[in-house]
Structure formats: structure tokens, C-alpha cells
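The values are calculated or read from the model by the stated rules, or taken from the named source; none is laboratory data. These numbers come from a predicted model, not from an experiment. Reconstructed Cβ throughout: ideal geometry from the backbone, glycine too, with neighbour counts over all protein chains shown.
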Amino acid sequence: MPKKKVTATTAKKSTSTKAAAKPTTKRSRKTTKSSSQPAAKKPTRTTTKKPTTKKTTAKTKKTTKSTRGTGKTSAKKPVKDLVYASDHESFWVTNGDILNSLLALEAALGQMERDVYQFHAAGEQNDFSVWVESVLFDSDCAAALSKAKTPKSARTAVVKHLKFYSY
């Protein structure tokens, strides 16, 4: 029997058929494995946010302190017209000044000496507070003036109440 010669071309053909058969079997094995076992899931991380509280600023605290207890809003609008007293109802101070309004009283208190103020404010009644209440019709300012002990504190009370006037 004659021996067949194996050439390089025939060897390539035989190996290529063998190589082609192997990958198909491997692929079929992989598909059978994946269908029988489920794929493993990766653990997922869940993050939750912590609840945060709003921080208040110092500016907010200041506005709440100024409106506490007064029941008034922070924006004060002038609501009253400034009253001017007539000549015979004007206030005559012992130093010669003649006052006819809260503006004139505020200016006079800024320059007034302590003994002149004490002459009108000492004793059972305060002449300034009586005049402001009866002639200028401002009982709140009159009450503040009756508590004042010095011309400076009286002027501060008048300035505080002048904010409620339009002039």
C-alpha cells in the first residue's frame, strides 16, 4: 500500500477543520453554563442625605429683637402731622426761648442748661410733659418726658417720638 504523502496544504485543512469544531463546542458549553446559573449581582451602595437645618444669621436675630413686644413692624411710617402751637399757647422757657412745636422743643433741649431744665421739670409736675400733652396732643411723648431726669434724656424721648411725624 502506498503511503500517502502529507503535504502542508492537507495538514492545514485537517487542522482547520479540527480548530473550527472546537470553538463551536466551547461556545455551546458557555451558553449552557450561563443559562443554568444566574449571573452574580454586584452589591450596590445606597447613600442617604442627612437632614440639615437652616442657620439663622445675626441680622435676622436683630430684626426679631427690635420688633419683639412692641407689636409694630420694623418699617415705621409717619402717621401724624406735626402740630404747631399758636403764639398764646407757645411754651415760654425761663432763658427766653419760645417753643411752638416738638421740633423747637428738641432743639431747645439740645442747648438747654441743667438748671433751666430743672426749673420746669422738677417738682410734682413736669411743665414740658403737660404742655406736650395739652397743646400738642401727644400723650405718649408726654409720658416719656415725665420720666426724663436730664435735658439729654428728655431730648432723646422727643427725638424718638418725632419719627412718627411727617414734617
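Observations
- Hey, SER101 at pLDDT 95 or above and polar (S, T, N, Q) or not: yes
- Counting only helices (runs of 4 or more DSSP H) that fall entirely inside segment 103-167 and contain at least 3 residues that are under 35 Å from the mean Cα position of the chain (by Cα) and closer than 16 Å to LYS80 by Cβ, the qualifying elements are 139-147, 151-162.
- Segment 111-129: number of residues that are surrounded by fewer than 18 Cβ atoms within 10 Å (Cβ to Cβ) and more than 16 Å from ILE98 (Cα to Cα): 7
- Scanning segment 85-135 for residues that are of a type in the set (Gly, Ala, Ser), in contact (Cβ under 8 Å) with a residue 40 or more places away in the chain and in contact with a helix residue (DSSP H, G or I) (Cβ under 6 Å, 6 or more places away or on another chain) returns a single hit, GLY110.
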